[in-house]
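Peer 1: Here it is, the structure in full.
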Amino acid sequence: MRKVSCPRKTLLISVIVILCLLLGPSSVVPASAEGIIRPYRIVEEEETGEIIFVQNSPQIGKVQKPKVAVALGGGGARALVNVGILKALEEEGIPVDLVVGSSMGAIVAVLYGSGMPLATIEELVTSDILPSMFDLNFPFFYSVIDTRRVNYFIERILPNQRLEEFPIQTALLSYDLTHGVKYVHTSGPVSREIQGSYSIPLFFPVVDYDGLFLMDPGIMELTPAQAAKVLGADVVISTTAFDELPYDTYAFPVRAWTRFINILKERNSKAIIDRYSDATINCDVGDYSFMDYHLAAEFIALGYHEAQKLIPEIKRVLTEKGIPLNQSPELAQVVGEGDKEQVNMTQVLRDIKYDRLQYDFSRIKPLLYFGREHSFFKQELIREETTALEYGFLWQKGKLDLQGLTRGKGFDNYELKLKFIGLTTDLDLIAKLHYEETPKQDFWGYGLDLKYYQPNYTLTIGWAELDQTAYLHNAGTFDLNWDEHELRSAVDLYTPAEGQGLTFPDTKYVAVQSFKLSAFDDLTLQPRLVVSNTESGGLFAHPLIYRGFELKTTEGETLVQTALEIAYHYRFPYSLELLQCIQLKELTWFSFADLYYRLEPYYAVGTGLTCELNLLGIKPSSFGGYVVYDLAKTSWKGALSFDLAF
């Protein structure tokens with residue numbers, strides 16, 4: 001058998017290497033595939049004589065003067081205050097003829113300027129969808145983060161996909177490193193134009209426009225008030241979300257460098273705001289981190305409150321300029337000529353949830369898991385703890401999604417999964433392969449499933465052959481969220497198929513349920529249940545949630561596991577940061593009681609602590625540990641817990 005398996009290993013390694021070499025470059029070069037230099041005009045700003053590059057666009061200049069512009073400042077997650085500010089302006093009938101964005105403010109600008117209703121924008125930015133769309137780059141030549149997925153997603157969900165087609169004139173501000181000038185985007189596809197406005201070297205890729213290298217202009221102009229004036233605004237309403245570091249000393253190099261950047265950024269921006277703004281909505285977000293995307297609802301509420309306080313001043317400015325308010329504020333934001341069909345947001349969010357988006361570029365990235373098992377043949381609802389490092393690759397383009405996974409030093413255990421996305425709007429075809437080399441013999445298994453998706457549930461039917469036994473595979477998942485509570489469940493059934501047909505009495509099953517019940521703001525109660533008749537260690541075995549000493553039991557008897565956990569979550573008022581890119585979001589202390597019942601009951605109780613970490617606020621992981629007392633063994637046990645998924 002080994003003489004056969006070695007060529008298979010060599011072939012598999014060769015295929016993976018070739019895929020990485022062929023597809024890798026496309027995953028790290030976020031520049032335009034079209035490679036076209038769009039015409040731009042060179043503008044000399046009247047007051048300062050500064051040179052600015054402005055893209056030509058038939059849209060700019062359509063609105064007759066006087067023109068009201070809103071300049072949305074950046075600040076990472078803190079810039080989500082702009083959503084609340086726009087909400088307050090719209091409710092009060094403040095006209096918005098032009099919206100200009102910088103950095104994170106650029107993302108809010110394209111969402112609003114495209115004609116997307118504010119209620120939909122609020123739903124989107126509070127759902128944690130945007131942060132989840134960022135990938136780690138591979139390899140790390142150009143940046144740590146690959147932004148193509150989030151840019152594609154933003155363009156996909158907009159009612160209009162090109163800046164010049166927006167019902168509200170929209171511009172984005174970047175900085176061109178080649179000529180040392182600011183660059184104003186006013187036309188082109190959103191997925192291409194938005195990148196330069198929030199590109200932070202090292203973290204996010206700088207954009208190459210055939211000689212123009214564009215990046216985030218934050219140090220030069222965090223709030224694009226000057227850009228709004230250059231585009232012809234008569235009234236400029238500016239927003240700010242400046243950072244304040246929670247330190248008293250700056251002896252550490254990272255703190256010192258960050259403090260220096262913040263001083264320059266705030267000084268330059270304030271000078272521009274004072275010169276060009278008619279009204280400024282300042283949001284005090286100094287106690288928050290640019291990585292606090294999970295606090296989106298709080299930022300929106302803060303921006304709304306601060307804008308309301310300035311409404312009388314804004315109305316006074318508009319009156320002096322002879323600019324009337326919108327008579328029907330609720331109808332102020334329109335989709336525009338042609339009334340383009342709105343994107344089915346429910347369907348898009350569903351496709352993101354189940355990783356069904358179809359990208360028009362080759363997406364390739366490494367897979368790395370530690371702490372939880374990620375076998376393609378096991379349920380995803382509750383993943384079993386493991387100390388084995390799993391690694392592999394993902395390649396995706398259009399309707400095809402290919403993933404490979406292995407663990408250990410050699411290819412003695414690997415899995416492949418190929419998903420054909422969009423067989424119909426709600427249906428995918430999924431093929432899975434498992435190979436494992438054991439001392440006795442090589443083990444092969446495969447499966448082919450049709451999976452049906454809805455926002456709150458999925459249904460699966462398929463066929464599998466595992467260890468020379470054929471099975472009919474049926475599965476389903478269900479999840480329901482209301483307020484801060486959550487209910488999730490999953491069931492898998494494997495019915496053996498012999499020569500006489502299906503043998504239903506011998507069906508193997510795995511059923512799991514997980515609840516999350518919130519009490520007050522910081523306490524959660526989390527009961528979990530696993531019911532199964534599979535054998536531990538099998539390819540589609542039940543997850544082990546019992547944290548006492550591992551038990552060896554035979555197959556066939558019904559196994560019941562329950563875990564009841566109460567957790568206290570301490571969330572830092574200002575997220576602790578390491579190297580300005582790793583965020584310690586919260587500490588969770590928990591106590592639990594576990595039950596394992598097969599033929600006889602076993603009990604365990606324990607307590608533990610976990611730390612929730614984020615990389616740049618977008619890649620979560622956790623680590624911690626717990627101690628447990630096994631009542632059956634009358635003995636203590638300690639364990640470290642990790643959950644790393646990149």
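The values are calculated or read from the model by the stated rules, or taken from the named source; none is laboratory data. Quick caveat, the model's predicted, so the values are computed rather than measured. With ideal geometry, Cβ positions are generated from the backbone for all residues, glycine too; neighbour counts draw on all protein chains shown. The protein model used for the area step is the full one, side chains on, heavy atoms only, and it has no ligands, DNA or RNA in it. Shrake-Rupley method; radii C 1.70, N 1.55, O 1.52, S 1.80 Å.
Peer 1: Within the chain, which complete DSSP H helices have Cα atoms spanning at least 24 Å along the helix axis and a mean Kyte-Doolittle hydropathy of 0.0 or higher? Walk me through the numbers on the way to the answer.
Peer 2: Working: long enough: 2-28 (38 Å, 1.25); 253-276 (35 Å, -0.53); 296-320 (35 Å, 0.08).
The qualifying helices are 2-28, 296-320.
Peer 1: Set the Förster distance to 51 Å, then compute FRET efficiency between Asn262 and Trp482 from the Cβ-Cβ distance, nearest 0.05.
Peer 2: Numbers: r = 41 Å, r/R0 = 0.80.
The formula returns an efficiency of 0.80 here.
Peer 1: Between Ala271 and Ala119, how many nm apart are label points set 7 Å from Cα along the C-beta direction?
Peer 2: 4.5 nm
Peer 1: Taking 0.36 nm per intervening residue step and subtracting the Cα-Cα distance, what contour gain separates Glu385 from Ser635 on full extension? If you can, show how the numbers build up before the last one.
Peer 2: On the way: separation 250, 0.36 × 250 = 90.00 nm, distance 2.04 nm.
Length difference between fully extended and current span is 88.0 nm.
Peer 1: I've got another one for you. Along its three principal axes, how long is segment 428-478 when you only count alpha carbons? Whole Å, largest extent first please.
Peer 2: Extents along the principal axes: 44, 17, 16 Å.
Peer 1: State the answer as a single residue: which of Ile194, Leu448, Ser277 lies farthest towards the positive end of the charge dipole of the chain, with beta carbon charges of +1 for Lys and Arg and -1 for Asp and Glu, about the Cα centre.
Peer 2: Leu448
Peer 1: Given a 1.4 Å probe, how much area per residue of segment 489-646 is accessible, in Å²? Don't jump to the answer; show the numbers that get you there.
Peer 2: Numbers: 7900 Å² over 158 residues.
Ligands and nucleic acids excluded, the figure is 50 Å² per residue.
Peer 1: Okay, moving on. Give the average over all directions of the projected area of the C-alpha convex hull of segment 560-646, one decimal, in nm². Show your work: numbers first, answer last.
Peer 2: On the way: hull surface 27.5 nm².
Taking a quarter of the hull surface, the average projection is 6.9 nm².
Peer 1: Near the amide H of Ile281, under 5 Å away, which other amide H atoms are found, from residues 5 or more places off or on another chain, if H is placed in the peptide plane?
Peer 2: Ser238, Thr239, Thr240
Peer 1: Let me ask you something else. Expressed as a rounded percentage, what relative contact order does segment 369-493 have, with Cα pairs under 8 Å and six or more residues apart? All intermediate terms of the calculation are to be shown ahead of the outcome.
Peer 2: Values: 269 pairs, mean separation 17.2, N = 125.
Once normalised by length, the contact order is 14 percent.
Peer 1: Measure off, as a whole percent, the carbon and sulfur share of the 1.4 Å-probe accessible area of the chain, all protein chains present. Show your work: numbers first, answer last.
Peer 2: On the way: 17180 of 29420 Å².
Heavy-atom surface of the chain belonging to carbon and sulfur, 1.4 Å probe: 58 percent.
Peer 1: Moving on. Classify segment 80-189 from the C-alpha gyration tensor, please: rounded if a/c falls under 1.5, else prolate or oblate depending on whether a/b exceeds b/c. Don't jump to the answer; show the numbers that get you there.
Peer 2: Details: a/c = 1.96, a/b = 1.33, b/c = 1.48.
Cα axes put segment 80-189 in the oblate bin.
Peer 1: Packing-wise, with mean Cβ within 10 Å as the measure, how do 222-235, 196-209, 368-381 rank, highest first? Spell out each step's value before the answer.
Peer 2: Working: 222-235: 26.4, 196-209: 21.6, 368-381: 18.4.
Answer by packing, highest mean first, reads 222-235, 196-209, 368-381.
Peer 1: Which FRET efficiency, nearest 0.05, do Thr425 and Gln468 yield, Cβ-Cβ r, R0 45 Å?
Peer 2: The formula returns an efficiency of 0.75 here.
Peer 1: Less than 10 Å Cβ to Cβ from Asp146, Lys/Arg counted +1 and Asp/Glu -1: what total charge do the surrounding residues give? If you can, show how the numbers build up before the last one.
Peer 2: Values: positive: Arg148, Arg149, Arg363, Lys365; negative: Asp135.
Net local charge, Asp146 excluded: +3.
Peer 1: Each label point is 7 Å from the Cα along the Cα-to-Cβ direction; what then is the distance between the points at Gln347 and Val43, in nm?
Peer 2: Placing both labels 7 Å beyond Cα along the Cβ direction yields 3.8 nm.
Peer 1: What net charge is computed for the residues neighbouring Leu493, neighbours being all others with C-beta under 12 Å from the C-beta of Leu493, Lys and Arg scored +1, Asp and Glu -1? Kindly include the intermediate steps, with their values, before the conclusion.
Peer 2: Working: positive: Lys508; negative: Asp492, Asp506.
Summing Lys/Arg as +1 and Asp/Glu as -1 gives -1.
Peer 1: Sticking with this structure for a sec: Over segment 499-563, what is the mean sequence separation of C-alpha contacts under 8 Å (at least six apart), divided by residue count, expressed as relative contact order in percent?
Peer 2: Working: 91 pairs, mean separation 19.3, N = 65.
That works out to 30 percent.
Peer 1: Let me ask another. Can you tell me, using C-alpha contacts under 8 Å and at least 6 residues apart, the relative contact order of the chain as a whole percent? Can you show the working numbers first?
Peer 2: Working: 1498 pairs, mean separation 67.4, N = 646.
Relative contact order, the chain: 10 percent.
Peer 1: Follow-up question, since we're still on this one. Which value in deg cm²/dmol, rounded to the nearest 500, describes the helix-derived mean residue ellipticity at 222 nm for the chain, given -39,500 (n - 2.57) per DSSP H run of n ≥ 4 and division by the residue count? Let's see the in-between values first.
Peer 2: On the way: 12 runs with 142 residues, N = 646.
My calculation for the chain gives -7000 deg cm²/dmol from helical runs alone.
Peer 1: At 7 Å along Cα-to-Cβ for each site, give me the label-to-label distance between Leu564 and Leu418 in nm.
Peer 2: 4.9 nm
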